[in-house]
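Values quoted throughout were computed directly from the atomic coordinates according to the rules given, and no laboratory measurement underlies them. Computed from a prediction, not measured in an experiment: that's the story for all the values here. Here the Cβ positions follow ideal geometry from the backbone for every residue, glycine too, while neighbour counts run over all protein chains shown.
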Amino acid sequence: MKARERTGSRAESLGVQGLTKRFPGGTVALDDVSFKVERGEGVMVLGHNGSGKSTLLRCLVGLETPTSGEVRIGDVRVSSAGRTAGRRKLRSLWRRVGYVSQGFGLVENLSVFRAVLQGGLGRSDGPWWWFPATAPEEERDRAFACMERVGVEGFARRRVSTLSGGQQQRVAMARMLMQDPSLILADEPVASLDPRAGREVMELLWEIGRERGLTVVCILHQPELALEFGDRLLALKAGRIVLDGPASGFSAGDLNVLYEDDEVPASGALPGSGTEG
Amino acid sequence: MGGESPGKQDDKHGVPPRLERPSLLTWLAWVIALGLFVSAFASSGFSPGTFSGGFANLLDFFARALPPETERLPAVGAATVETFQMALIGTALGSLLSLPLALLAARNFSPHPVVYYVTRTFIAFLRAIPDLVWALVFIVAVGLGPPAGILALTVDAMGFCGRFFSERIEELDPKPIESLRLTGASPLAVVFGSVVPAAFPSFVATTLFALESATRSAVVLGLVGAGGIGVELTTSMELMRYDEALTIIIVIFLVVVAVERTSAAIRRRII
């Protein structure tokens, strides 16, 4: 699953230049972060709690306005010099970005089928899309195909809240597939799952990324999963990139350093780091 | 509280005294509260005398009311149905209209703080004015009869549901809402795809409470001529036909209890 194998024609590239985010209280979450993700590349973002990972992801989709710097997804400028793109522009971008989060982001008392169908809401042009009973036939078929892809087709009429965490995350992925994205952003997608369910979810996420040739940026807390699945690793500490390079260049020991309290060597001091900015 | 400090003569080993000396402010608050109560009692003319006299009259009422007269039961039944219909329509309209209001009055959905405060104030205004007063206003607008009552109950339900709907919306987990926005769905699709389904059980429960309250209100609204069984009740009372009045009171009791029981049963199922 290397970058070269992922040559999806629709996949988006992603670029961050000099991104800084300072919160009103004075906390600096991101400090002059720059990197570029090629089309079809699978990047794992590591770092301990409070290192700025989630803020980074929120800046990437325009949910957070950076203090300075620029974010681009494909040819869309998400934010630049402290200003985020307008709502209309963001909405059309969001249609193409699949977002998977730690908390699954599902309404618990919906049926699984309706939750998945909602992935298509960005394409909808009227209220008949809001309910399974009135949704267009081809969208209903597409939603069921997405459920089959992630293996939750047996739960179509069950309430989301009756499923296990791993199953709920699969439902969230089916909804993301329904969106037909060209870029996947995942915020600790396995954080609330047990190790086995977590591994299954990562395998599925990566298979989907590979078979569709998508660009994937995934925040992860498990160095071993990051090494196994990532094409490239990127690590943040105190809002700065401290490590960036192909996954093959690192060992688990290199990554464990990230979670220790003492200073991590600056970019370039670790094997394989700093090969691509 | 005031003046209690460790190391005073009377405290042994730091055990707090049984009675703490109240502060000047507490004293004042007590004096004012007591004064208000005494003056209210004095000026309202409520005395043990009126109470005993009233009790005798009450006995007289029941003596005349028993046994209840069932001759006018068909007319009372029709008026009861009308009363419940008023409550049902008023609550349904009010709860539907309060949904957009609640979205504008929920901190996490309001498009602008000014909109938020204006809608909050508007809802508070609807709630502050009693439904009987609304009924009087709407009788001027649309004349005597059920339509005025329905409008009054609608406004009342809007105030009640608007407030509780908006509070429920503010409590919602933001994650599912954000996830749906991130699919590029339109704001309305987000509302109907995540806010409404997530808050639905609470919305239904609130609406049922509103229906219970509207059923009771609808009875009273008839007293001022806004339709329903209250008209029958005032007529019987004014004609001193207390036996008819008692029938009406019993029917009202049965309807209110039936509505409360049914709505409680529905709430148990959905929550």
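Some observations on this one:
- Scanning the stretch B:196-213 for residues that are within 9 Å of another protein chain (Cβ to nearest Cβ) and buried (at least 18 other Cβ atoms within 10 Å of the Cβ) yields B:197, B:198.
- Subset of the stretch A:84-94 that is outside any loop (DSSP other than H, G, I, E, B) and of a type outside the set (A, V, I, L, M) - its residue that is surrounded by the most Cβ atoms within 10 Å (Cβ to Cβ): A:94
- Applying a threshold of 8 Å to beta carbon distances and a minimum spacing of six or more residues, or different chains, the list of pairs starting in the stretch B:168-194 at a residue that is more than 8 Å from chain A (Cβ to nearest Cβ) and over 18 Å from residue A:63 (Cβ atoms) and ending at one that is of a type in the set (D, E, K, R) and surrounded by fewer than 18 Cβ atoms within 10 Å (Cβ to Cβ) reads B:170/B:107.
- Check on residue A:54, within 14 Å of another protein chain (Cβ to nearest Cβ), under 18 Å from the mean Cα position of the chain (by Cα), crowded, with 17+ Cβ neighbours inside 10 Å and small (Gly, Ala, Ser): yes
- Scanning the stretch A:11-50 for residues that are surrounded by 23 or more Cβ atoms within 10 Å (Cβ to Cβ) and among the polar types (S, T, N, Q) gives no hits.
- Residues (over 14 Å from residue B:218 (Cβ atoms) and of a type outside the set (Gly, Ala, Ser)) located in the stretch B:131-153: B:133, B:136, B:137, B:139, B:140, B:142, B:144
- Residue check, residue B:159 touching a Lys or Arg at 6+ places or on another chain (Cβ under 8 Å) and within 14 Å of chain A (Cβ to nearest Cβ): no
- For the stretch B:86-121, filtering for residues that are assigned to a helix (DSSP H, G or I) and either touching a strand residue (DSSP E or B) at 6+ places or on another chain (Cβ under 7 Å) or crowded, with 16+ Cβ neighbours inside 10 Å (or both) leaves 20.
- Residue in the stretch B:147-154 that is in a helix (DSSP H, G or I), crowded, with 20+ Cβ neighbours inside 10 Å, away from chain A (no Cβ under 14 Å) and hydroxyl-bearing (Ser, Thr, Tyr) present: yes
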